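*Asks:* Below is the structure I would like to discuss, written out as structure tokens.
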Amino acid sequence: MELKKNLTLVCAGADAVAASAYGLPLLHLCMGVGPGGGIRRLRLPAQTQGQYLGVSDFGIEGSIPKFCAEALVFEVKKRRMRGIFADFERDTPAVHTLLRDLDALLAAAHLPLFVPVGQAAQVQHAHLVAETALSGGNLEDYLGDLLEQYPGRLAAALRPISADYRLPAQSSEGTPLSRTDRVALQQKYGAQSFFSRDLCAKYFTYMDEKGDGHFVLFDDDSTLEAKLVRLDALGIQPVFALYPDVRTLL
């Protein structure tokens, strides 16, 4: 599909070899930062030029020296990579310190930094990555609000949702379901699935043996494709997606 041009495939280990066959940018999840700013290298692919470096949170805490950010930026420059995706979700002083250092250093080097949108307050230059897997509200309204707030800085993460919510839902976090379990559940209760235009995802409902109502929200290839269409129409790119999640779309 033409919209795949906006995808950046997120991969680790052996997936990198298969993902590289599509000619799309790759994000390699191959480094992490732990307590005190210690850097942990995972399996580094042989070819990284022109790709993104993915850095994970391995328990970032304590005093984080500026050398930690400098070492990560040096790695990117040495390998001629495109930039860094700092996958740091936690809201802690140590994470904030590292993000601020990375933001300043990469901006000075004219290299992009991508961080979860929840870390927007910690950065001035970085691109903010918004999730497309919503369990409530309206996806286009959500993304439109973010575009107004952060013009020219918004990217997206295309992560399929598959979760069971007991009604009435008490939170936005349902019980995760594998595809196999979800299909079995739908067949067991003979539930018909529908498309939610607001969430750009499919859903079905059922009553369990205790009489409790359930709402199951999920993505498949058709809804992931629909989300790519909406992201493209809004001009949001790049779109980061785990290679196994979108392999059948490529």
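*Asks:* Would you give the gap between the C-alpha center of the stretch 133-178 and the C-alpha center of the stretch 63-116, rounded to a whole Å?
*Replies:* 26
*Asks:* Which one is right for this structure if Kirkwood radius over Cα pairs in Å is calculated from it: (i) 20.3; (ii) 19.4; (iii) 21.3?
*Replies:* Computing Kirkwood radius over Cα pairs in Å and matching it to (i) 20.3; (ii) 19.4; (iii) 21.3 gives (ii).
*Asks:* Would you check the chain for Lys pairs whose C-alpha atoms are within less than 21 Å, ignoring same-chain pairs closer than 8 in sequence, and give me the count?
*Replies:* 7
*Asks:* Can you give me the C-alpha center-to-center distance between the stretch 1-40 and the stretch 217-248, rounded to a whole angstrom?
*Replies:* So the two Cα centres are separated by 16 Å.
*Asks:* Rounding to the nearest 20 debye, state how big the charge dipole of the chain is about its Cα centre with +1 on each Lys and Arg Cβ and -1 on each Asp and Glu Cβ.
*Replies:* 960
*Asks:* Follow-up question, since we're still on this one. State the volume of the convex hull built on the alpha-carbon positions of the stretch 131-233, expressed per residue in Å³ and rounded to an integer.
*Replies:* That works out to 100 Å³ per residue.
*Asks:* I've got another one for you. How do His125, His28 stack up against each other in accessible area, from largest to smallest, with a 1.4 angstrom probe?
*Replies:* So, going from the largest accessible area down, we get His125, His28.
*Asks:* Please give me the summed charge of the neighbours of Ala94: other residues whose Cβ is under 10 Å from its Cβ, Lys and Arg +1, Asp and Glu -1.
*Replies:* -1
*Asks:* Give me the log10 of I(q) over I(0) for the stretch 192-250 at q = 0.13, 0.19, 0.29 Å⁻¹, as the Debye formula computes it from C-alpha points; what are the numbers?
*Replies:* The computed values of log10 I(q)/I(0) come out as -0.45, -0.77, -1.21.
*Asks:* Show me the chymotrypsin sites (Phe, Trp or Tyr not before Pro) within the stretch 74-155 that DSSP assigns to loop and that have at most 12 other Cβ atoms within 10 Å of their Cβ.
*Replies:* none
*Asks:* Using the Cβ atoms and a cut-off under 13 Å, what net charge is assigned to the surroundings of Ile161, where Lys and Arg are +1 and Asp and Glu are -1?
*Replies:* For residues surrounding Ile161, the net value is -1.
*Asks:* Taking every Cα atom in the stretch 3-109, find the radius of gyration and the maximum pairwise distance Dmax, and write them in Å.
*Replies:* Cα radius of gyration and Dmax of the stretch 3-109 are 13.9, 43 Å respectively.
*Asks:* How much of the DSSP beta bridge set in the chain is antiparallel, as a percent to the nearest 5?
*Replies:* 40
*Asks:* May I ask you to give the solvent-accessible area per residue for the chain, in square angstrom, as obtained with a 1.4 angstrom probe?
*Replies:* Result: 49 Å² of accessible area for each residue.
*Asks:* Here is a follow-up. Looking at the stretch 174-250, which trypsin sites (Lys or Arg not before Pro) are DSSP coil and have at most 12 other C-beta atoms within 10 Å of their C-beta?
*Replies:* Arg197, Lys210
*Asks:* Compute the long axis of helix 139-149 from its Cα atoms, compare it with the longest principal axis of the Cα atoms of the chain, and write down the angle in degrees, 0 to 90, nearest 10.
*Replies:* Long axis of 139-149 versus the principal axis of the chain: about 30 degrees.
*Asks:* At 0.36 nm per residue, minus the direct Cα-Cα distance, what do Glu225 and Glu209 gain on full extension? Give it in nm, one decimal, please.
*Replies:* Stretched out fully, the Glu225 to Glu209 stretch lengthens by 2.3 nm.
*Asks:* Amide H neighbours of Leu154 under 5 Å, at least 5 residues apart or on other chains, H built in the peptide plane: list them.
*Replies:* So Leu154 has HN proximity to Leu128.
*Asks:* So, counting K/R as plus one and D/E as minus one, what does the shell of residues with Cβ under 9 Å around Gly174 add up to?
*Replies:* So the surrounding residues net to -1.
*Asks:* Continuing with the same structure: How large, in percent, is the carbon and sulfur part of the accessible surface of the chain at a probe radius of 1.4 Å?
*Replies:* 50
*Asks:* Using the C-alpha atoms of the stretch 69-176, what convex hull volume per residue, in cubic angstrom, is computed?
*Replies:* Dividing the Cα hull volume of the stretch 69-176 by its residues yields 127 Å³.
*Asks:* Next up: Which value, in Å² and to the nearest 10, is the accessible area of Val17 when all protein chains are kept and the probe is 1.4 Å?
*Replies:* Answer for Val17: close to 110 Å² accessible.
The values are calculated or read from the model by the stated rules, or taken from the named source; none is laboratory data. Just so we're clear, the structure is a prediction, and the values are computed from it rather than from any experiment. Glycine gets a Cβ as well: all are built from the backbone with ideal geometry, and neighbour counts include every protein chain shown. For accessibility, only protein heavy atoms count, side chains too; no ligands or nucleic acids. Shrake-Rupley method; radii C 1.70, N 1.55, O 1.52, S 1.80 Å.
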